[in-house]
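Below: one structure, written as structure tokens.
The values are calculated or read from the model by the stated rules, or taken from the named source; none is laboratory data. Only a predicted model underlies this, so the values are computations on that prediction, with no experimental measurement involved. FYI the Cβ positions are ideal-geometry reconstructions off the backbone, even for glycines, and counts take in every protein chain you see. In case anyone asks, the SASA skips ligands and DNA or RNA and just uses the protein heavy atoms, side chains included. Shrake-Rupley method; radii C 1.70, N 1.55, O 1.52, S 1.80 Å.
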Amino acid sequence: MNQLLILAILLLTAICFRQLFLKIKLPTVLGYMFSGIFLGPSLLNVIHGSHLISSMAELGVIVLMFIAGLECDLKMLKKYFKPSITIAFLGIVFPVIGMYWMGQTLALSKIESLFIGIIFAATSVSISVAVLKELHRLKTKAGTTILGAAVADDILSILLLSIVIASTGIGDSNHQINLYYLISYQIGFFLLVWLLTFIAQKLSFNGLEKIKPKLPILALVFALLLSGVAELVQVSAITGAFFAGIIISQTKYKESLTNQIDQFGQLFLIPLFFINVGLSVKLDGIFDNIGLFILMLIIAVLTKFIGAYSGARLFKFSRNNASQIGIGMISRGEVGLIIAEIGLKNQLISTEYYSTIIAVIIITTIITPILLRVIIKSK
């Protein structure tokens with residue numbers, strides 16, 4: 001089918017599902033995801049994922065996380081830095097232990113058991129960000145902590161992934177990671193972010209008034225540049241986009257840029273990201289090994305929730321706020337998919353379990369908006 005026609009059908013169907021989910025009071029991001037499920041391999045099987053759709057979806061999640069950074073309160077982020085790091089750490093430790101135990105119970109190798117744990121240690125903050133924005137909870141105590149913890153979670157997960165690949169020596173020798181160089185590059189990246197944030201705070205940028213109409217496109221270029229640099233040092237692109245938003249949020253153009261870029265992103269790029277998640281759902285990953293799927297899903301949900309909830313309670317968060325944080329960290333989304341693909345390419349996980357792992361990642365991504373809305377509305 002013509003690619004432009006496919007995009008038109010996807011977006012039109014997404015609008016219909018969005019309105020339906022608004023009427024039944026469910027997060028609109030779920031409407032976008034279910035439009036992908038409806039048209040994709042799971043139901044009608046008329047549209048499949050393509051390079052064009054996945055590329056635009058990747059741009060969509062970068063724009064979404066850029067907006068999240070723009071809207072984030074840096075003072076609040078600093079205030080909840082310690083709980084965010086603790087929540088991220090416990091949110092990694094519990095899933096790694098849980099999945100490692102499951103792998104050993106199933107007689108998998110220690111490396112494969114550990115790697116499955118690393119896959120489910122990651123958190124996809126993009127899904128939670130969309131729901132928190134929709135419910136106007138992004139700037140709350142729980143919302144800020146979810147953002148901080150999820151970004152820290154991704155950084156720690158990627159570092160853990162790098163250590164495992166480097167220590168095992170598995171894969172093509174031309175692509176082995178020099179761990180010392182990698183850590184140096186990543187430290188350099190975060191120093192660059194700190195420096196740019198400091199500069200943005202100190203300068204007034206009054207001279208930019210002359211080119212104000214061009215600022216949105218320049219801001220997007222900056223987001224793409226920092227996302228690209230983040231990928232070069234093997235920090236996820238969405239983390240780079242988030243920090244780009246944080247940096248620009250320190251300027252006086254924060255509000256106008258946020259409104260313009262949000263309108264641009266919501267036109268089609270952000271919806272396409274969620275649609276692509278739905279297109280990725282394949283029922284064979286669920287039904288081919290239903291017992292393993294259920295076990296893995298239970299461990300994935302409970303270990304992430306318990307780890308994040310416990311971390312929040314350690315810092316005296318209320319039960320409701322701790323529950324919001326625990327649920328907000330459940331989604332694995334694109335980060336989990338990326339790590340799973342790396343594992344398959346480097347022979348760290350077998351093809352036998354790959355489709356089931358992908359199915360569990362997708363389901364955690366779908367249930368997170370539902371549970372998050374329920375816990376927020378119950379407050």
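Structure summary
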read-out: Filter result (open to solvent by 10 Å² or more (accessible area, probe 1.4 Å) and at pLDDT 85 or above) within the range 366-379; value: ILE366, ILE367, ILE370, LEU371, ARG373, VAL374, ILE375
read-out: SER318 out of contact with any helix residue (DSSP H, G or I) (no Cβ under 7 Å at 6 or more places or on another chain), open to solvent by 10 Å² or more (accessible area, probe 1.4 Å) and among the small types (Gly, Ala, Ser); value: yes
read-out: Any chance MET65 is more than 30 Å from ARG137 (Cα to Cα) and buried (at least 23 other Cβ atoms within 10 Å of the Cβ); value: no
read-out: Positions within the range 19-35 being farther than 15 Å from VAL277 by Cβ and either in a helix (DSSP H, G or I) or of a type in the set (Asp, Glu) (or both), in sequence order; value: GLN19, LEU20, LEU22, LYS23
read-out: Looking only at the range 94-110, and only at residues there that are among the aliphatic types (A, V, I, L, M) and surrounded by 16 or more Cβ atoms within 10 Å (Cβ to Cβ), the one that is farthest from THR351 (Cα to Cα); value: VAL96
read-out: Residues that are open to solvent by 80 Å² or more (accessible area, probe 1.4 Å) and either without any contact (Cβ under 8 Å) to a residue 12 or more places away in the chain or not in a helix (DSSP H, G or I) (or both), drawn from the range 211-222; value: PRO213, LYS214, ILE217, LEU218
read-out: Qualifying helices (runs of 4 or more DSSP H) (wholly inside the range 232-301; at least 2 residues being open to solvent by less than 10 Å² (accessible area, probe 1.4 Å) and over 30 Å from PHE198 (Cα atoms)); value: 269-279
read-out: Answer from SER42, SER113 - the residue that is over 24 Å from GLN201 (Cβ atoms), at pLDDT below 90 and crowded, with 18+ Cβ neighbours inside 10 Å; value: SER42
read-out: Residue that is modelled with pLDDT under 90, within 20 Å of the chain's Cα centre (by Cα) and not polar (S, T, N, Q), where the choices are ILE325, ILE363, ILE358, ILE330; value: ILE358
read-out: Of all residues in the range 1-33 being open to solvent by less than 80 Å² (accessible area, probe 1.4 Å) and β-branched (Val, Ile, Thr), the one that is nearest to THR365 (Cα to Cα); value: VAL29
read-out: Search result, residues across the range 333-348 that are over 16 Å from the mean Cα position of the chain (by Cα) and part of a helix (DSSP H, G or I); value: ILE342, GLY343, LEU344, LYS345
read-out: Exclusive hit being open to solvent by less than 90 Å² (accessible area, probe 1.4 Å) and modelled with pLDDT of 95 or more, set LEU195, LEU225, LEU208; value: LEU195
read-out: Residue, nearest to LEU30 (Cα to Cα), within the range 344-354, restricted to residues that are open to solvent by less than 50 Å² (accessible area, probe 1.4 Å), at pLDDT 80 or above and not aliphatic (A, V, I, L, M); value: TYR353
read-out: Unique match (being within 16 Å of the chain's Cα centre (by Cα) and farther than 21 Å from ILE342 by Cα) among ILE67, ILE119; value: ILE67
read-out: Hits in the range 4-17 (condition: more than 21 Å from the chain's Cα centre (by Cα) and in contact (Cβ under 8 Å) with a residue 12 or more places away in the chain); value: ILE6, LEU7, ILE9, LEU10, LEU11, THR13, CYS16, PHE17
read-out: Positions within the range 131-161 being open to solvent by 10 Å² or more (accessible area, probe 1.4 Å), assigned to a helix (DSSP H, G or I) and either of a type in the set (Gly, Ala, Ser) or within 18 Å of ASN321 (Cβ to Cβ) (or both), in sequence order; value: LYS133, LYS141, GLY148, ALA152
read-out: Scan of the range 286-311 for residues that are in contact (Cβ under 8 Å) with a residue 12 or more places away in the chain and farther than 18 Å from LEU108 by Cβ, ordered by number; value: ILE286, VAL301, LEU302, LYS304, PHE305, ILE306, GLY307, ALA308, TYR309, SER310, GLY311
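Residue-wise test of (1) at pLDDT below 90; (2) in contact with a helix residue (DSSP H, G or I) (Cβ under 7 Å, 6 or more places away or on another chain).
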position	(1), (2)
MET1	yes, no
ILE6	no, no
LYS23	no, no
MET33	no, yes
ALA57	no, yes
